[in-house]
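The block underneath contains the structure these notes are about, expressed in structure tokens.
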Amino acid sequence: MDKSKYVITIARGYGSGGRTIGRMLAAELGINFYDRELLRLASDDSGINEELFAKADEKLKKSLLFKIARKEYKGELIPPDSDDFVSNDNLFNYQAKIIKELAATESCVIVGRCADFVLKDYDNVVRLFIHAPLDSCIKTLKEMYGTSEKEAVKQIASIDKHRAEYYKYYTGRDWQDAENYDLCLNTAMLGFEKCVEIVKAYLDIRFR
């Protein structure tokens, strides 16, 4: 791996502003930002329709087996001649493959997709968890999307629950466990701009 490159991974609570902070960091640092772009890259690499990657999360949300089973990511790809080639697990494997290739070739910001775990053996990764209290997340959703308070509460509970289950399924770890991350930042206390400044300072201290 090129030691001059670094990757910032972001796990975030819904409504905490994690994606916004990721975009701000990428812009400030002059590096690429990857979120749903990973689906297109994984589709191009595997030859599997991008729509199947997009639908995989919805399938997992509705799957009882997903909620009770564990499929910790090991890095293996399922070959095209297998009946499981387009399974949810193999779709995840291809996204992980892309994440590793990005980490090996460029500095970037990657949101979600268990990237902190996929890159757990990489030395040049800064793992962030962005969070905020419920009332702050509700306020953010109301301001950004015009969501009612009742609907915001429902969305936050549902999406965070799925993110925790998704993370547990593929990593065997608890999504909100601080031990998974280098920095845990509360946006309600700091605001987005100060979070960005803290991460930039951390990068400078760690990698200079």
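What follows draws every value from the coordinates through simple rules; no lab data is involved. If you're wondering where the values come from, they're calculated on a predicted model, not measured in any experiment. Reconstructed Cβ throughout: ideal geometry from the backbone, glycine too, with neighbour counts over all protein chains shown.
Structural remarks
- Counting only Cβ charges, +1 for Lys and Arg and -1 for Asp and Glu, the dipole size of segment 96-208 around its Cα centre is about 200 debye.
- Cut-off under 5 Å, modelled amide H: who pairs with V126 long-range: V7, I8, T9
- Inter-site label distance for S4 and K120 at 7 Å from Cα along Cβ, in nm: 3.1
- Pairwise FRET efficiency - D89 versus N186, Cβ, R0 = 25 Å, nearest 0.05: 0.15
- Links that overshoot a 25 Å alpha carbon limit, given the list K100/K142; K5/K120; K97/K194; K5/K168; K150/K200; K139/K161: K100/K142; K97/K194; K5/K168; K150/K200
- Cut-off under 5 Å, modelled amide H: who pairs with C184 long-range: F129
- Taking amide H atoms as placed 1.01 Å from N in the peptide plane, the amide H of N32 lies under 5 Å from those of V109, each 5 or more residues away in sequence or on another chain.
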